[in-house]
Amino acid sequence: MPERVVVIGVSCDDGRIPSSLAPLVARCDLVVGGRRHLDRLAPPGSRTAVIGADVGAALDTIEAEDGVVCVLASGDPGFFGFLRPLASRLGPERLEVHPAVSAVAAAFARVGLPWDDAVVVSAHGRPLDDAVNRAATAAKVAVLTSPDNPPEALGKALVTAGGPGHRVVVCSRLGADDESVTDADLDELAAGGWDPLSVVLLLGSEPVAGGPTLAWGLPVDRFEHRSSMITKAEVRAVALGKLGLPPTGVLWDVGAGSGSVAIEASRLAPGLEVYAVERDRQQAERAGRNASAHGASVRVVNAEAPAGLAGLPDPDRVFVGGGGVVVLEAALARLRPGGRIVATYAAVDRAAAAAHSLGHVVQVAVSRGEHLPDGGIRLAADNPVFVAWGPDE
């Protein structure tokens, strides 16, 4: 293990590091970084190693060094950068980090706009759908593209999805001598041949109608559904409240039906990785259409639980809307520490069994106001639903 790892951000604004850090780089036993950073910043005669496409190989090289290692990383290494795998492998206590101007900060600086209200999405090793969905629901989005998901792929996906009109700015090779900042529209973005390692800014005037707000429990007519096979708005509102959504993590919606719970969870906590699991193919397709209509980043899995849960990452939150106690037990077995499950049932015996496993249950009974011909209002009762939740943290 190295004695110490000094992680230095190379400014995406001018491609430099602070002059005060240059002596620190010179004293390191091994300098690691991308080829362009090493060519420009590594002291002559120093031992170097390149961070290429195989990040694991670079980590192996760093871990095998017993001296002091310097890592040169673009921008702020803690912002979608090399710091995450490095801290995971070596431990944060071994690292000394000096961040610089990130690519996103530099991109917004180039167009003269603040970015504290921007949504930032990375397409490095992540589904492009996330960026497309965020672009449909936010007025200001920055997308970090990659060789697997270059700017033109983002443009084609947005055009196919019928995304709202945006001013598009493609910022490539920021801080390099051949830096380019190009204004475009979605069609030009889709048709171009852009540098894959770019920051694409999608700048609209206002979020589209139906974009994320702090409201939840949307009316059922906001979702396509089959014969009222959907979690009703008031029950959905209670379930989402009991879930206590974290800002990041993994959520399963099992027995998702129309996908209303998964969609609302994704809108309320865009940083969540949301999976809607539904065995019925037509319902799964319906959930996918609903997610697209609401601009929600939801991965629809057409599979029957519990077997269909095997390939999913362990959850931090689970909503069980179908499948019975067997599915509940399977979810409990996979739940991460500190996680929570919410399950809804129409039958008392299933709700009681779930309460024994989870710890809590409540009955939600709703009566809806209906207007009468004479101008009066009557109350029409829905069937009561039991909501079980837990375990306690």
Considering only residues that are surrounded by fewer than 23 Cβ atoms within 10 Å (Cβ to Cβ) and either part of a strand (DSSP E or B) or outside the structural domain of S266 (by TED's automatic domain parsing) (or both), look in the stretch 301-318 and name the one that is nearest to the chain's Cα centre (by Cα). V301
Hey, V170 hits all of (1) part of a loop (DSSP other than H, G, I, E, B); (2) crowded, with 18+ Cβ neighbours inside 10 Å; (3) modelled with pLDDT of 90 or more; (4) over 16 Å from the mean Cα position of the chain (by Cα) but one; which does it fall short on? (1)
On the basis of being buried (at least 19 other Cβ atoms within 10 Å of the Cβ), within 18 Å of the chain's Cα centre (by Cα), at pLDDT 90 or above and among the β-branched types (V, I, T), does V254 make the cut? no
Could you check, for the stretch 370-389, whether at least one of its residues is in contact with an Asp or Glu (Cβ under 6 Å, 6 or more places away or on another chain) and surrounded by 13 or more Cβ atoms within 10 Å (Cβ to Cβ)? no
What residue, of A353, A291, is surrounded by 17 or more Cβ atoms within 10 Å (Cβ to Cβ), in contact with a helix residue (DSSP H, G or I) (Cβ under 8 Å, 6 or more places away or on another chain) and closer than 22 Å to D129 by Cβ? A291
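Just to be sure before I move on: is A291 touching a Gly at 6+ places or on another chain (Cβ under 9 Å) and not acidic (D, E) in the structure I sent?
Yes.
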From the option list V326, V298, V238, single residue qualifying as hydrophobic (A, V, I, L, M, F, W, C) and crowded, with 24+ Cβ neighbours inside 10 Å is V298
Residues of the stretch 47-71 classified as out of contact with any Lys or Arg (no Cβ under 9 Å at 6 or more places or on another chain) and of a type in the set (A, V, I, L, M, F, W, C), total: 7
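Being without any contact (Cβ under 8 Å) to a residue 40 or more places away in the chain, of a type outside the set (A, V, I, L, M) and touching a helix residue (DSSP H, G or I) at 6+ places or on another chain (Cβ under 6 Å) is the requirement here; does W115 meet it? Spell out the reasoning first.
Numbers: without any contact (Cβ under 8 Å) to a residue 40 or more places away in the chain: yes; of a type outside the set (A, V, I, L, M): yes; touching a helix residue (DSSP H, G or I) at 6+ places or on another chain (Cβ under 6 Å): yes.
Yes.
Answer yes if at least one residue in the stretch 264-282 is on the phi > 0 side of the Ramachandran plot and assigned by TED's automatic domain parsing to the domain that holds G338, and no otherwise. Please lay out each step first, then the result.
Taking the stretch 264-282 first, the residues on the phi > 0 side of the Ramachandran plot are none.
No, because not a single residue in the stretch 264-282 is on the phi > 0 side of the Ramachandran plot and assigned by TED's automatic domain parsing to the domain that holds G338.
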Taking the stretch 238-291 as the region of interest, how many residues are polar (S, T, N, Q), in a loop (DSSP other than H, G, I, E, B) and under 22 Å from R336 (Cβ atoms)? 1
Report, by residue number, each residue of the stretch 22-33 that is surrounded by fewer than 17 Cβ atoms within 10 Å (Cβ to Cβ) and closer than 24 Å to A105 by Cα. A22
Of the conditions (1) assigned to a loop (DSSP other than H, G, I, E, B); (2) in the same structural domain as T145 (by TED's automatic domain parsing); (3) surrounded by 20 or more Cβ atoms within 10 Å (Cβ to Cβ), A131 fails just one. Which one is it? (1)
Name, by its number, the condition in (1) basic (K, R); (2) within 23 Å of the chain's Cα centre (by Cα); (3) closer than 28 Å to V169 by Cβ that does not hold for R36. (2)
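Look through the stretch 138-151, keep the residues that are surrounded by fewer than 19 Cβ atoms within 10 Å (Cβ to Cβ) and free of Cβ contacts under 8 Å to residues at least 60 places away in the same chain, and return whichever of them is farthest from the chain's Cα centre (by Cα).
Let us first name the residues in the stretch 138-151 that are surrounded by fewer than 19 Cβ atoms within 10 Å (Cβ to Cβ), namely 139, 146-148.
Now narrow it down to the ones that are free of Cβ contacts under 8 Å to residues at least 60 places away in the same chain: 146-148.
Details: S146: 16, P147: 19, D148: 17 Å.
Across the stretch 138-151, the extreme among qualifying residues is P147.
If you take the residues of the stretch 190-222 that are closer than 17 Å to R134 by Cα and surrounded by 19 or more Cβ atoms within 10 Å (Cβ to Cβ), which of them is modelled with the lowest pLDDT?
Only one residue tops the list, namely P212.
The values are calculated or read from the model by the stated rules, or taken from the named source; none is laboratory data. Computed from a prediction, not measured in an experiment: that's the story for all the values here. Glycine gets a Cβ as well: all are built from the backbone with ideal geometry, and neighbour counts include every protein chain shown.
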